[in-house]
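Taking it in order: structure first as C-alpha coordinates, then the write-up.
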Amino acid sequence: MYAGPRAISVDHAIVISYSFLTVSIRVCAGLYRSRRLECPAKGVRPTTDRVKQAIFSTLPVDLQGAFVLDLFAGCGSLGIEALSRGAQRVTFVDASSRSIRAIEKNIDSLKAWEHVRIIRSEAGAFARDCTEEFDVVFMDPPYNKGLASEMAPHVYRLMKTGGVLVVEHSPDEAIPVQPWKIRTYGDTMITYCTKGAS
(Lines give C-alpha, C1' and ligand atoms only; values in the text may rest on other atoms or scores of the structure.)
Protein backbone atom coordinates (compact mmCIF):
# COMPACT_ATOMS: atom_id res chain seq x y z
CA MET A 1 0.00 0.00 0.00
CA TYR A 2 1.30 3.48 -0.89
CA ALA A 3 1.99 5.43 2.30
CA GLY A 4 2.41 8.89 0.78
CA PRO A 5 5.48 11.01 0.06
CA ARG A 6 8.76 10.57 1.85
CA ALA A 7 11.93 12.63 1.96
CA ILE A 8 15.52 11.41 2.14
CA SER A 9 18.41 13.83 2.58
CA VAL A 10 21.51 12.97 0.55
CA ASP A 11 24.65 15.14 0.77
CA HIS A 12 22.44 17.88 2.24
CA ALA A 13 21.30 18.80 -1.27
CA ILE A 14 19.09 16.13 -2.77
CA VAL A 15 15.64 15.46 -1.38
CA ILE A 16 13.61 12.64 -2.88
CA SER A 17 9.90 13.35 -2.89
CA TYR A 18 7.60 10.66 -4.19
CA SER A 19 10.94 8.99 -4.93
CA PHE A 20 9.73 7.14 -8.01
CA LEU A 21 8.71 10.43 -9.67
CA THR A 22 11.07 13.33 -8.99
CA VAL A 23 14.21 14.41 -7.18
CA SER A 24 14.44 17.88 -5.66
CA ILE A 25 17.81 19.68 -5.93
CA ARG A 26 18.85 22.90 -4.25
CA VAL A 27 20.39 25.98 -5.89
CA CYS A 28 23.49 26.66 -3.80
CA ALA A 29 24.15 30.39 -4.20
CA GLY A 30 23.18 33.65 -5.86
CA LEU A 31 19.84 35.08 -6.94
CA TYR A 32 17.98 31.77 -6.64
CA ARG A 33 19.81 30.47 -3.57
CA SER A 34 17.95 27.67 -1.72
CA ARG A 35 15.30 27.41 -4.42
CA ARG A 36 14.37 23.82 -5.20
CA LEU A 37 14.63 22.38 -8.69
CA GLU A 38 12.67 19.38 -9.87
CA CYS A 39 14.58 16.55 -11.52
CA PRO A 40 13.32 13.24 -12.97
CA ALA A 41 14.10 10.37 -10.60
CA LYS A 42 14.92 8.07 -13.51
CA GLY A 43 17.43 8.63 -16.28
CA VAL A 44 19.18 11.61 -14.63
CA ARG A 45 22.18 11.59 -12.27
CA PRO A 46 22.09 14.95 -10.47
CA THR A 47 25.33 16.61 -9.43
CA THR A 48 25.61 16.57 -5.64
CA ASP A 49 25.77 19.75 -3.59
CA ARG A 50 29.41 19.09 -2.66
CA VAL A 51 30.54 18.62 -6.25
CA LYS A 52 28.49 21.53 -7.56
CA GLN A 53 29.92 23.94 -5.00
CA ALA A 54 33.43 22.67 -5.78
CA ILE A 55 32.89 23.26 -9.50
CA PHE A 56 31.72 26.83 -9.07
CA SER A 57 34.43 27.73 -6.56
CA THR A 58 37.07 26.45 -9.02
CA LEU A 59 35.85 28.14 -12.22
CA PRO A 60 38.61 30.40 -13.56
CA VAL A 61 36.17 32.78 -15.25
CA ASP A 62 33.74 35.42 -14.00
CA LEU A 63 30.14 34.30 -14.48
CA GLN A 64 28.80 37.86 -14.47
CA GLY A 65 27.48 38.44 -17.97
CA ALA A 66 28.76 35.06 -19.19
CA PHE A 67 27.23 32.96 -21.97
CA VAL A 68 26.91 29.39 -20.74
CA LEU A 69 26.15 26.03 -22.35
CA ASP A 70 24.72 23.20 -20.23
CA LEU A 71 25.15 20.09 -22.39
CA PHE A 72 23.53 16.80 -21.31
CA ALA A 73 21.64 19.22 -19.10
CA GLY A 74 19.41 16.77 -17.23
CA CYS A 75 17.16 18.98 -15.12
CA GLY A 76 19.37 22.03 -15.76
CA SER A 77 20.99 22.15 -12.33
CA LEU A 78 24.43 23.40 -13.43
CA GLY A 79 23.08 25.92 -15.93
CA ILE A 80 20.58 27.29 -13.41
CA GLU A 81 23.34 27.58 -10.80
CA ALA A 82 25.32 29.64 -13.34
CA LEU A 83 22.27 31.78 -14.03
CA SER A 84 21.77 32.32 -10.31
CA ARG A 85 25.38 33.51 -10.05
CA GLY A 86 25.08 36.12 -12.79
CA ALA A 87 25.31 34.45 -16.20
CA GLN A 88 23.75 36.55 -18.95
CA ARG A 89 22.37 33.64 -20.94
CA VAL A 90 22.27 29.85 -20.56
CA THR A 91 21.59 27.36 -23.34
CA PHE A 92 20.32 23.99 -22.11
CA VAL A 93 20.65 20.96 -24.40
CA ASP A 94 19.33 17.48 -23.73
CA ALA A 95 17.91 14.69 -25.88
CA SER A 96 15.37 13.49 -23.33
CA SER A 97 11.85 14.88 -23.47
CA ARG A 98 11.53 14.15 -19.74
CA SER A 99 14.59 16.28 -18.99
CA ILE A 100 13.39 19.07 -21.27
CA ARG A 101 10.06 19.18 -19.43
CA ALA A 102 11.88 19.36 -16.09
CA ILE A 103 14.09 22.23 -17.29
CA GLU A 104 11.06 24.10 -18.59
CA LYS A 105 9.26 23.64 -15.28
CA ASN A 106 12.29 24.83 -13.31
CA ILE A 107 12.81 27.90 -15.48
CA ASP A 108 9.11 28.70 -15.24
CA SER A 109 9.22 28.50 -11.43
CA LEU A 110 12.18 30.91 -11.42
CA LYS A 111 10.59 33.22 -14.01
CA ALA A 112 13.90 33.27 -15.88
CA TRP A 113 12.77 32.73 -19.47
CA GLU A 114 14.40 35.90 -20.83
CA HIS A 115 17.84 34.51 -19.98
CA VAL A 116 17.58 30.97 -21.35
CA ARG A 117 17.29 28.86 -24.47
CA ILE A 118 16.19 25.23 -24.21
CA ILE A 119 16.98 22.83 -27.04
CA ARG A 120 16.01 19.18 -27.37
CA SER A 121 18.85 17.61 -29.33
CA GLU A 122 21.46 14.89 -29.25
CA ALA A 123 24.69 16.43 -27.98
CA GLY A 124 26.67 15.38 -31.03
CA ALA A 125 24.23 16.96 -33.47
CA PHE A 126 24.13 20.17 -31.45
CA ALA A 127 27.94 20.42 -31.24
CA ARG A 128 28.26 19.78 -34.97
CA ASP A 129 25.70 22.41 -36.04
CA CYS A 130 26.21 25.11 -33.38
CA THR A 131 27.87 28.33 -34.55
CA GLU A 132 27.67 30.12 -31.19
CA GLU A 133 30.60 30.37 -28.77
CA PHE A 134 30.39 30.19 -24.98
CA ASP A 135 32.36 31.44 -21.99
CA VAL A 136 31.56 28.34 -19.94
CA VAL A 137 30.49 24.88 -21.07
CA PHE A 138 29.25 22.26 -18.61
CA MET A 139 29.16 18.70 -19.90
CA ASP A 140 27.79 15.91 -17.72
CA PRO A 141 27.08 12.88 -19.93
CA PRO A 142 26.08 9.41 -18.67
CA TYR A 143 29.06 7.62 -17.17
CA ASN A 144 30.95 4.72 -18.75
CA LYS A 145 29.52 5.11 -22.25
CA GLY A 146 32.52 6.86 -23.77
CA LEU A 147 30.53 10.05 -24.33
CA ALA A 148 32.74 12.34 -22.26
CA SER A 149 35.91 11.41 -24.14
CA GLU A 150 34.12 11.34 -27.49
CA MET A 151 32.39 14.69 -27.15
CA ALA A 152 35.02 16.81 -25.37
CA PRO A 153 37.11 17.68 -28.49
CA HIS A 154 33.98 18.68 -30.43
CA VAL A 155 32.60 20.77 -27.57
CA TYR A 156 35.98 22.42 -27.00
CA ARG A 157 35.64 24.27 -30.30
CA LEU A 158 32.45 25.95 -29.03
CA MET A 159 34.38 27.83 -26.35
CA LYS A 160 35.43 31.45 -26.59
CA THR A 161 39.09 32.29 -26.08
CA GLY A 162 39.57 32.39 -22.32
CA GLY A 163 36.58 30.11 -21.80
CA VAL A 164 36.41 26.92 -19.78
CA LEU A 165 34.99 23.46 -20.44
CA VAL A 166 33.91 21.57 -17.31
CA VAL A 167 33.46 17.82 -17.83
CA GLU A 168 31.90 15.64 -15.13
CA HIS A 169 32.82 12.01 -15.78
CA SER A 170 33.92 8.66 -14.40
CA PRO A 171 37.56 8.43 -13.23
CA ASP A 172 37.85 5.47 -15.60
CA GLU A 173 37.35 7.69 -18.64
CA ALA A 174 40.15 10.00 -19.83
CA ILE A 175 39.35 13.33 -21.50
CA PRO A 176 41.46 13.83 -24.68
CA VAL A 177 41.81 17.60 -24.22
CA GLN A 178 44.71 19.21 -22.32
CA PRO A 179 43.34 19.78 -18.80
CA TRP A 180 43.82 22.94 -16.78
CA LYS A 181 42.85 21.17 -13.58
CA ILE A 182 41.44 17.79 -12.50
CA ARG A 183 39.60 17.04 -9.25
CA THR A 184 38.11 13.78 -7.99
CA TYR A 185 35.19 13.39 -5.57
CA GLY A 186 34.48 9.72 -4.91
CA ASP A 187 33.30 8.16 -8.18
CA THR A 188 33.10 11.56 -9.89
CA MET A 189 35.97 13.26 -11.70
CA ILE A 190 35.83 16.88 -12.83
CA THR A 191 38.14 17.89 -15.66
CA TYR A 192 38.54 21.62 -16.42
CA CYS A 193 39.88 22.61 -19.84
CA THR A 194 40.62 26.23 -20.70
CA LYS A 195 40.96 27.71 -24.17
CA GLY A 196 43.88 30.00 -24.85
CA ALA A 197 44.48 32.18 -27.88
CA SER A 198 45.29 30.14 -30.98
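The values are calculated or read from the model by the stated rules, or taken from the named source; none is laboratory data. These numbers were taken from a predicted model, which means no experiment stands behind them. Neighbour counts run over all protein chains shown; Cβ positions are idealised from the backbone, glycine included.
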If Gly74 satisfies all but one of (1) over 22 Å from Lys52 (Cβ atoms); (2) assigned to a loop (DSSP other than H, G, I, E, B); (3) not aliphatic (A, V, I, L, M), what's the number of the condition it fails? (1)
Extreme residue, surrounded by the fewest Cβ atoms within 10 Å (Cβ to Cβ), among residues of region 79-97 that are in contact with a helix residue (DSSP H, G or I) (Cβ under 7 Å, 6 or more places away or on another chain) and not in a loop (DSSP other than H, G, I, E, B): Arg89
Tell me yes or no: at least one residue of region 143-152 is in contact (Cβ under 8 Å) with a residue 40 or more places away in the chain, farther than 22 Å from Pro60 by Cα and not aromatic (Phe, Trp, Tyr). yes
Does Ala127 fit the bill of being surrounded by 18 or more Cβ atoms within 10 Å (Cβ to Cβ), at pLDDT 95 or above and part of a helix (DSSP H, G or I)? yes
Residues of region 77-99 classified as at pLDDT 95 or above and either of a type in the set (Lys, Arg) or over 11 Å from Asp140 (Cβ atoms) (or both), total: 15
Of the residues that sit in region 148-198 and are charged (D, E, K, R) and closer than 21 Å to Cys130 by Cα, which one is surrounded by the most Cβ atoms within 10 Å (Cβ to Cβ)? Lys195
